[in-house]
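First up is the structure itself, then whatever we jot down about it.
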Amino acid sequence: MEEQLTPAANEILINEDFSEVLLQVPPEDLYDKCMKIANEKQKQQLMDLQLPENQKGRGLPEEYIRKIKTIMGLMPEDAPRLTREEAQRIISEMNADGYSDRVSHMSNIMDVSELCERFSEVAYAPDIYGGSGMNVIQYWVDDECTAFIDVPSATIVAYVDVVNNTTEFLYLWTSDGSR
């Protein structure tokens with residue numbers, strides 16, 4: 001006798017079967033891939049993606065990587081956030097390993113990828129990953145995006161305080177080695 005699955009059990013199997021595949025999908029393709037395999041509830045949540053009010057107009061729903069991964073069950077809703085201190089620690093460690101030297105010799109895409117990989121070890125995924133012609137990669141410090149770690153290129157990492165309208169450079173590469 002064949003076992004009948006309830007809709008809820010079927011939804012769990014769909015997510016478990018595809019979760020390993022989705023974790024390998026590049027951020028720019030994640031939304032489309034998720035829409036193809038999402039159950040009806042997830043599809044509606046993906047279509048309804050919204051940014052906090054203070055971030056309206058920044059990016060498209062397809063770029064909200066953290067929210068997409070949360071909806072699809074690829075990361076917990078209460079996953080840790082990247083803090084300014086944690087970002088500074090990671091940048092210091094990478095510089096000790098020669099990151100500053102590699103920036104001048106490698107493409108920005110490769111460097112940004114390496115940096116975001118390290119940041120995502122802490123925060124699972126960036127909140128926003130997109131852009132057209134220029135990277136828009138943000139790791140918010142909270143769900144309301146009162147501040148965020150901005151990674152527009154391999155040569156700049158900034159802490160942006162949305163509430164106080166200030167920006168602090170955590171990393172700023174210069175060709176002469178000054179910072």
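The values are calculated or read from the model by the stated rules, or taken from the named source; none is laboratory data. None of the values given here were measured: they were computed from a predicted structure. Methodologically, a virtual Cβ is constructed for each residue, glycine included, from the backbone with ideal geometry; neighbour enumeration extends over all protein chains shown.
A few points about this structure:
- When the residues of the stretch 68-88 are filtered to those that are crowded, with 16+ Cβ neighbours inside 10 Å, in a loop (DSSP other than H, G, I, E, B) and modelled with pLDDT of 95 or more, the one that is farthest from the chain's Cα centre (by Cα) is Thr83.
For (1) closer than 22 Å to Glu62 by Cα; (2) modelled with pLDDT of 85 or more; (3) under 15 Å from the mean Cα position of the chain (by Cα), each residue gets a yes or a no:
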position: Glu121; (1), (2), (3): yes, yes, yes
position: Ala125; (1), (2), (3): yes, yes, yes
position: Ile128; (1), (2), (3): yes, yes, yes
position: Val160; (1), (2), (3): no, yes, no
position: Asn165; (1), (2), (3): no, yes, no
position: Phe169; (1), (2), (3): no, yes, no
position: Thr174; (1), (2), (3): no, no, no
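- Condition met for Arg89 (more than 18 Å from Asn135 (Cβ to Cβ) and basic (Lys, Arg)): yes
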